[in-house]
Every structure is written in structure tokens, then in C-alpha cells.
Amino acid sequence: TDNMLLYFFQWSFCSVSATIVSGGVAERLSLQGYLMYSALMAATIYPVVVCWTWGGNGWLGALGYSDFAGSGVVHVTGGVSALVGTLVIGPREGRFACADAWEFSPHNVPFISLGTLILWFGWYGFNCGSTGGMGSASDGYSAVIAGVNTTIAGGMGGLMGLFLHFVRSGKFDVPATCNGVLGGLVGITAGCAMVTPAAAVVIGVVGSILVDIATVVLEQLGIDDPVGAFPVHGVAGGWGVLAVAIFDRGHDVMGEPVVGATFDVQLLGLTAIVCFSSFVSFVAFKFITFAGF
């Protein structure tokens, strides 16, 4: 039963890593090409990263790398791969032409809002569910803390996204708010059960700010990321990995002192995930485009 539970949970995480990439290559990669890449992600990229971190005998796990629900393992893996994909494939035709740029603005705000709400709801399954069970008081406390911090970080991220867009344009923007929510959620994922609610406020706000900055930078560089897959998952995910070391409360949910993650190990883990995911994804997307997919 435990093996089935672990399989189902990791299957879900693996599918998230693959679907993150779909946002970065939307409207350019064929279905056949995306299926090929998804198979590679599921068979190679994600399993290797999990083996390093959550596998029990992985080198990063042995060093003390900490990522409770996958800011690095899931989101950075998918976000960096999405960036590599959009760089290799190139922008959509007319994306950065002055006359046509408006055609690429988000056009279905209700669906964007609904999708964000669905994702936020699902995040409780991932973050709270990463306790792995409910067999003890500590499991229950971990799930509760994860749920509270997830709510706070997502809400603060959304408010910051709304504020930043208003300051820049004088208008409130729903898609920017939604990406702020997601930035906060991605940022808190790694440390959702290991930081205080006050820290969750900071993590959510900073995650949203980083998403906003990264989105603007990508546009200025002419990099076409249709849904902000890299800013939301790659950048905010990287922040979440490092935030674990910065804000670790120093004791477990029962109040017992524990040795928290160190910044150097978290940075090493983040670097390893970025390098491995980007290299394999680069080779894969080069082959896919060369093959005409």
C-alpha cells in the first residue's frame, strides 16, 4: 500500500513537471513533439532529480538538501526546461512585432481565473499531502502548517502582483494577479511545513515580485514564454529553494530543535537541478526540432 501511495504521488508530481513545459512552448510545438518530450521528462529528467533529492540514498539528500513539496524538484525542473524549450524553438510569429503584439495578450480572463483557482485548490493536495501520511500528531501538525502557509503565501503573492501592475500601468490586471498567486504558491512549496506564517508572508511577496521582474525581463529580451512558465516556476521555484535555508524555524512541528537546511547546500541543489534539466532539455528540443516536430 505504501508503494502504491508513493507511486501515485510521484506520478502526479512528474506530470506537473511535464505540463509546466507545455506552457513555455505553447502554440509552437506539435503534439507529437510534446509527447516525445513528456516521455523523456517522465523517464529521465524527473526521476534523476528525485533520486538525487527524495530518493533516500541520493547525494543531495545526503548533504541535507531540503525541499518539502517540490519548489526545486518539481517547479524548477519544469520551469527551466520550459525556458530551454522556448529558446530552442523561438518565439511565435509576430510575437514581438509592434503591430501584432496586442494579439498575444491574454484574452480569456475568466478561464485564467478559473485555472488559477483550480491550481490553488490542488496545491493543498501537494503541499499538505507531502507529509506522506496521517499516522501521528506530527503528521497532522505538518499538514496544518503547510496548509496555512500555502494560503498566506498565495494570497500575499496575488496582492503583490495586483499592486505591482497597478503601480506600473495605473490599471488593475487579473492575469498579473493570478501569476502573483502562483509565484507565491511556488515559492512556499519547498518550505511550507518548515517556516512560520510570518515567513510565508515574505516568501509569497518576494516570489510575486520576482515573477513580475522575470516576466518583464523575458519580454525585453524577446523570449516568448506565453504563460510565464519560467518566471512562475523556474524563478519563484528557485527562490523557494533558497528561502528554506533563510527562514527555517529551527525546530520541528512538535517544538523539538532540529538542524535546518544550509544555504550552501540549497544553492548547490538548485544549481544541480538547473544544469541537469537544462542540458537534457536542450538536447531533447534540438532533436525534436531537427526531426521536424
(message) So H75 passes all but one of these: (1) touching a His at 6+ places or on another chain (Cβ under 7 Å); (2) of a type outside the set (K, R); (3) open to solvent by 30 Å² or more (accessible area, probe 1.4 Å). Which condition number does it fail?
(response) (3)
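Yes or no, residue by residue, for (1) aromatic (F, W, Y); (2) within 23 Å of A236 (Cβ to Cβ); (3) modelled with pLDDT of 95 or more; (4) surrounded by 13 or more Cβ atoms within 10 Å (Cβ to Cβ):
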{"residue": "L83", "(1), (2), (3), (4)": "no, yes, yes, yes"}
{"residue": "C98", "(1), (2), (3), (4)": "no, no, no, no"}
{"residue": "A101", "(1), (2), (3), (4)": "no, no, no, no"}
{"residue": "H107", "(1), (2), (3), (4)": "no, no, no, no"}
{"residue": "L114", "(1), (2), (3), (4)": "no, yes, yes, no"}
{"residue": "L117", "(1), (2), (3), (4)": "no, yes, yes, no"}
{"residue": "W123", "(1), (2), (3), (4)": "yes, yes, yes, yes"}
{"residue": "F126", "(1), (2), (3), (4)": "yes, yes, no, yes"}
(request) Would you mention how many residues in the stretch 144-177 are surrounded by fewer than 17 Cβ atoms within 10 Å (Cβ to Cβ) and within 30 Å of L6 (Cα to Cα)? (result) 3
(message) Among the residues of the stretch 259-293, what is the count of those that are more than 17 Å from the chain's Cα centre (by Cα), farther than 15 Å from V244 by Cβ and of a type outside the set (G, A, S)?
(response) 11
(request) Kindly indicate which of A39, A26 is within 21 Å of I288 (Cβ to Cβ), of a type in the set (A, V, I, L, M) and touching a Pro at 6+ places or on another chain (Cβ under 6 Å). (result) A26
(request) Quickly run through the stretch 194-203 and pick out the residues that are buried (at least 24 other Cβ atoms within 10 Å of the Cβ) and either within 13 Å of the chain's Cα centre (by Cα) or outside any helix (DSSP H, G or I) (or both). (result) M194, V195
(request) Give the stretch 223-259 a look and list any residue that's open to solvent by less than 30 Å² (accessible area, probe 1.4 Å) and in contact with a Lys or Arg (Cβ under 8 Å, 6 or more places away or on another chain), or say none. (result) D224
(message) With the requirement that a residue be part of a helix (DSSP H, G or I) and in contact with a helix residue (DSSP H, G or I) (Cβ under 9 Å, 6 or more places away or on another chain), what does the stretch 92-109 give you?
(response) V109
(message) Testing Y141 on (1) part of a loop (DSSP other than H, G, I, E, B); (2) open to solvent by 50 Å² or more (accessible area, probe 1.4 Å), one condition comes back false. Which one is that?
(response) (1)
(request) Of the conditions (1) over 21 Å from the mean Cα position of the chain (by Cα); (2) open to solvent by 20 Å² or more (accessible area, probe 1.4 Å); (3) on the phi < 0 side of the Ramachandran plot, G56 clears all except one; give me its number. (result) (3)
(message) Going residue by residue through the stretch 4-23, is there one that turns out to be out of contact with any Leu (no Cβ under 8 Å at 6 or more places or on another chain), in a loop (DSSP other than H, G, I, E, B) and over 22 Å from G207 (Cβ atoms)?
(response) no
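The values are calculated or read from the model by the stated rules, or taken from the named source; none is laboratory data. All values reported here derive from a predicted model rather than from experimental measurement. Every residue, glycine among them, receives a Cβ derived from its backbone with ideal geometry; neighbour counts consider all protein chains shown. These accessible areas exclude ligands, DNA and RNA; they are computed on the full protein's heavy atoms, side chains included. Shrake-Rupley method; radii C 1.70, N 1.55, O 1.52, S 1.80 Å.
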